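Below: the structure, in structure tokens.
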Amino acid sequence: MMLVDTHVHLQHAKYAGDLEAVLKRAAEAGVGKMVVASYDLPASREAVRLAGEVEGCYAAVGIHPHSAKDVTPEVMDELEALAAAPRVVAVGETGLDYHYMYSPREAQLAALEAHLALSERLDKPVIIHDREAHDDMLAALEGYPVDRLGGVWHCFSGDLSLAEKVMDKGWYLGIGGIVTFSKELAEIVRHLPLERIVLETDAPYLAPAPHRGQRNEPAWTAIIAARVAAIKEMDAAVVAQVTSANAAALFGI
Ligand code: NI
């Protein structure tokens with residue numbers, strides 16, 4: 001059984017002391033591939049370095065909507081240069097976060113547009129972060145060639161109606177630790193075809209039950225897979241196989 005953690009922040013300072021042990025536990029849990037998602041420029045550089053050095057690691061480069069106010073043409077140029085490295089498989093995470101609003105709405109929309117344009121130029125899929133911004137996000141993605149490039153709605157937090165819209169557009173839904181404690185998300189997962197789901201931890205954030213409040217880690221993708229299997233009354237091996245195939249199709253890994 002091989003699992004893919006499609007969204008993990010291994011470059012985060014919280015792993016500075018014991019990254020090797022974290023990677024070892026991931027391997028032991030069957031997590032054979034990980035996509036290291038980025039949130040600012042140093043994180044993007046570090047993701048590319050990890051992808052070059054660690055077996056099974058791939059990188060996504062991008063600036064989180066929280067930091068959208070820092071996105072300049074120079075920053076986008078450096079992301080584009082970084083994306084030329086081998087094993088850079090996506091642009092992200094990018095998107096809109098109206099919950100925290102750490103960057104003004106206009107800056108978030110402009111940064112999102114720049115990231116979508118970069119993804120088209122690079123011919124690589126995009127990793128979307130959408131928190132309380134569903135309508136603007138759907139509008140921004142009108143015309144985005146998801147059929148050609150693919151894309152994932154990371155840490156999906158909408159309702160069933162949004163899930164269906166996302167799915168009908170050909171996007172994948174990133175399902176993580178929240179599914180272990182949210183009845184609403186469990187209900188959405190029960191309705192969705194497994195063919196539209198990829199697994200992710202978003203570690204070090206959003207640890208699954210029974211580890212809530214702890215530092216999350218990629219090994220716990222296995223807990224998420226088990227929960228999805230229980231919700232859908234499927235064998236965990238089938239969940240692993242189908243979601244890994246989805247990740248392979250999306251990221252070419
Ligand atoms: Ni994330």
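The values are calculated or read from the model by the stated rules, or taken from the named source; none is laboratory data. Since this is a predicted model, take the numbers as computed values, not measurements. Cβ atoms come from the backbone with ideal geometry, glycine included; neighbour counts cover every protein chain shown.
Taking the range 29-56 as the range and being part of a strand (DSSP E or B) and surrounded by fewer than 23 Cβ atoms within 10 Å (Cβ to Cβ) as the test, the residues that pass are Gly32, Lys33. On the stretch given as the range 104-131, residues that are within 16 Å of the ligand (Cβ to nearest atom) and either crowded, with 19+ Cβ neighbours inside 10 Å or on the phi > 0 side of the Ramachandran plot (or both) total 10. Could you please find all residues in the range 20-38 being touching a Ser or Thr at 6+ places or on another chain (Cβ under 7 Å) and within 16 Å of the ligand (Cβ to nearest atom)? Val35, Ser38, listed by residue number. Of all the residues in the range 137-162, those that are β-branched (Val, Ile, Thr) and surrounded by fewer than 21 Cβ atoms within 10 Å (Cβ to Cβ) number 1. For the range 208-229, the set of residues classified as in contact with a Phe, Trp or Tyr (Cβ under 6 Å, 6 or more places away or on another chain) and of a type in the set (A, V, I, L, M, F, W, C) consists of Ala209 only. Filtering the range 1-19 to residues that are farther than 17 Å from Gln241 by Cα and within 15 Å of the ligand (Cβ to nearest atom) leaves His7, Val8, His9, Leu10, Gln11, His12, Ala13, Lys14, Tyr15. Evaluate the range 95-102: report whether one residue or more is in contact (Cβ under 8 Å) with a residue 60 or more places away in the chain, in contact with a strand residue (DSSP E or B) (Cβ under 7 Å, 6 or more places away or on another chain), within 15 Å of the ligand (Cβ to nearest atom) and under 20 Å from Tyr205 (Cα atoms). Scanning the range 95-102, I find no residue that is in contact (Cβ under 8 Å) with a residue 60 or more places away in the chain, in contact with a strand residue (DSSP E or B) (Cβ under 7 Å, 6 or more places away or on another chain), within 15 Å of the ligand (Cβ to nearest atom) and under 20 Å from Tyr205 (Cα atoms), so the answer is no. Those helices (runs of 4 or more DSSP H) of the range 59-171 in which at least 1 residues are farther than 26 Å from Leu185 by Cα, considering only elements entirely within it, cover 73-82, 105-122, 146-149.
Being within 21 Å of Ile128 (Cα to Cα) and of a type in the set (Phe, Trp, Tyr), is that true of even one residue in the range 28-39? Checking the range 28-39: at least one residue is within 21 Å of Ile128 (Cα to Cα) and of a type in the set (Phe, Trp, Tyr). A single entry from His7, His64, His12 fulfils the requirement of being in contact (Cβ under 8 Å) with a residue 40 or more places away in the chain, of a type outside the set (Gly, Ala, Ser) and either in contact with a His (Cβ under 6 Å, 6 or more places away or on another chain) or at positive phi (or both): His7. Does at least one position in the range 42-56 carry a residue that is in contact (Cβ under 8 Å) with a residue 40 or more places away in the chain and within 21 Å of Ile224 (Cα to Cα)? No, that holds for no residue.
In the range 233-251, the residues that are at positive phi reach residues that are at pLDDT 95 or above and in a helix (DSSP H, G or I) with C-beta atoms within less than 9 angstrom, at least six apart or across chains, in these pairs: Glu233/Arg190.
When the range 170-212 is filtered for residues that are of a type in the set (Ser, Thr, Tyr), under 21 Å from Lys14 (Cβ atoms) and within 16 Å of the ligand (Cβ to nearest atom), the ones remaining, listed by number, are Thr201, Tyr205.
Of all the criteria given as (1) within 20 Å of Ala114 (Cβ to Cβ); (2) within 16 Å of the ligand (Cβ to nearest atom); (3) out of contact with any Phe, Trp or Tyr (no Cβ under 9 Å at 6 or more places or on another chain), the one not satisfied by Leu138 is (2).
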